[in-house]
1. Could you pull out the trypsin sites (Lys or Arg not before Pro) across the stretch A:1-55 that fall in loop regions by DSSP (anything but H, G, I, E, B) with no more than 15 other Cβ atoms inside 10 Å?
2. Per DSSP H run of at least 4 residues, take -39500 (n - 2.57); add these up for chain A, divide by its residues and hand me the 222 nm value, nearest 500 deg cm²/dmol.
3. Put +1 on the Cβ of each Lys and Arg and -1 on the Cβ of each Asp and Glu in the protein assembly as shown; which of A:41, B:76, A:8 then has its Cα farthest toward the positive end of the dipole?
4. Residue B:100: accessible area at probe 1.4 Å, nearest 10 Å²?
5. Mind putting a number on the dipole of the protein assembly as shown about its Cα centre? Charges go on the C-beta only, +1 for Lys and Arg and -1 for Asp and Glu, and I need it in Debye to the nearest 20.
6. Placing unit charges on C-beta atoms (Lys and Arg positive, Asp and Glu negative, everything else neutral), compute the dipole magnitude of the stretch B:53-176 about its Cα centre in debye, rounded to 20.
7. Which number comes out as Rg/Rh for chain A once both Rg and the Kirkwood Rh are worked out on C-alpha atoms?
8. If R₀ is 45 angstrom, what is the calculated FRET efficiency for the pair residue B:121 and residue A:50, using the beta carbon separation as r and rounding to 0.05?
Amino acid sequence: MSLPKPLMRGMLSKRLKFHLPISFALAMGAAILFKYTVTEPRKQAYADFYKNYDSVKEFNAMREAGIFESVRPSGE
Amino acid sequence: MLHLTAGRVGSLLARRATAAFSTSSVRMASHGHDVAETTDMSLPLYWDRVDIPLPDRPYKDTLTTGDQSLKQKEQGPWSQLSKEEKVALYRLMFSQTFPEMKQPSAEWKSVVGGIFILMGLTGLIVWWQKVYVYPPAPRTFDADWQAKQYKRMLDMRVNPIEGFAAKWDYKKGQWK
């Protein structure tokens, strides 16, 4: 029984040639996906929130709700 | 009297019953005929393992005269060995081939079954604990306390951009 000579060397480089481009592509893809599904919407959400944000109005609303200890609602 | 053999015990119930009786060799030594065979770990060992393929010694190290003459023939050119002789030489060296070693067994069913049974038992124990052991929950778990807690969180504007208070519509006084 004479079998063909099996693969003796170069197995790691063969594997790397195949898997490294795939792994780089997947990692880059994951990063790009995260950027456009998470970080960009988050930046937009913050921009929208602060576009018309009136901090004094918000403070007074919180004060009337009675959550502060340093300043009580205006009625008291 | 329960005897623990070296192999697997048959039914799961038997296995759980015998597990309660420890198998320390100190206990068993007094019985004499029940002692399990011990391997002499100071000598080279044989094993069939996929991850360590070449054991310390051949499988058969005490050869019959026929085997010895075959081993002598092995010293010469291998092209003169017939196929059966080559297989016989292999079987002298190794007990199981790789396909034989890799044969799947049905052990996983016992393992998974045992896992589920024990998870079920654990569930029963936890249920009993809920009824008889745990003290009553703190008042902070009451529904009206939690409702007041959520109202206070909204008043404080907790996470107003992407989180809790972001989901509340302050103009309409309702969830978005």
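1. A:9
2. Theoretical 222 nm ellipticity from helices: -20500 deg cm²/dmol.
3. Of A:41, B:76, A:8, it is A:41.
4. 60 Å²
5. About 840 debye.
6. Approximately 880 debye in magnitude.
7. Computed over Cα atoms, the ratio is 1.61.
8. E between residue B:121 and residue A:50, to the nearest 0.05, is 0.20.
The values are calculated or read from the model by the stated rules, or taken from the named source; none is laboratory data. All of these numbers come straight from a predicted model, not from anything done at the bench. Glycine also receives a Cβ, built like all others from the backbone with ideal geometry; neighbour counts cover every protein chain displayed. When the accessible area is computed, the model is the full protein with side chains, heavy atoms only, and any ligands, DNA or RNA have been set aside. Shrake-Rupley method; radii C 1.70, N 1.55, O 1.52, S 1.80 Å.
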